[in-house]
Structure formats: C-alpha cells, structure tokens
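Please treat every number below as a calculation from the coordinates, not as lab data. The structure displayed is predicted, hence computed values, not measured ones. Note: ideal-geometry Cβ built from the backbone for every residue, glycine included; neighbour counts use all protein chains shown.
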Amino acid sequence: MVNEANFDCSSAGMSLQAMDSSHVSLVALFLRAEGFEMYRADRNISLGINLGNMSKILKCSGADDIITLKARHIRTDRHSVGAGSGTAAS
C-alpha cells in the first residue's frame, strides 16, 4: 500500500501519515514513547524509511530481539571554494 514514508520523531514518540499511490487510503500511525522499552529523541527529526525493507527486518526478528534506530545530525551548511588568485569564499 505505502512503500516509503517519513516518521516524525519527537519526545512524545514517532508518528507517520502517508497516502497510498492511488490516493485512496490514508495511513496514520502514532507510536508513543511510553510504548518502547527505551526511547530518546533529543530533537525533532523526520526519518525517511522504506517500509518494505522495515517489514523484512521485523519479520526476521524474534520476540526477544532488539531493533535500534539511530539518526545522526548531518551538517547542511554549504561552502564554496573560489579558484583563481588564491582566495577562498565561504
């Protein structure tokens, strides 16, 4: 139904809202932080997840297995370096 979706993560938990490709079905999901054995979100972040791959991971895991999702902050500053007279612009 939905192949890829963004999970919005906050201190309250993880939420997802997505529509199928034919725009017939809407999927809405909220996983509360209290529902996890351990949950931490230092800041709000959106994680793009391939749900087909996530489904495969979940099917392979057992009841006692632990699945960990981690996201690192990636710096998005852009710098340009000028060529020529030995000067650089940033």
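Below is a table of values for the structure above.
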item	result
Relative contact order (percent, whole number), the range 4-60, Cα cutoff 8 Å, 6+ residue spacing	41 percent
Karplus-derived HN-Hα couplings along the range 19-28 (A = 6.51, B = -1.76, C = 1.60, θ = phi - 60°), whole Hz, x at Gly and Pro	10, 5, 5, 8, 6, 9, 10, 10, 9, 10
Linear extension gain, S10 paired with S25, 0.36 nm per residue minus alpha-carbon span	2.9 nm
Rough spin-label spacing in nm, given labels placed 7 Å along Cα→Cβ, for R40 and N53	2.4 nm
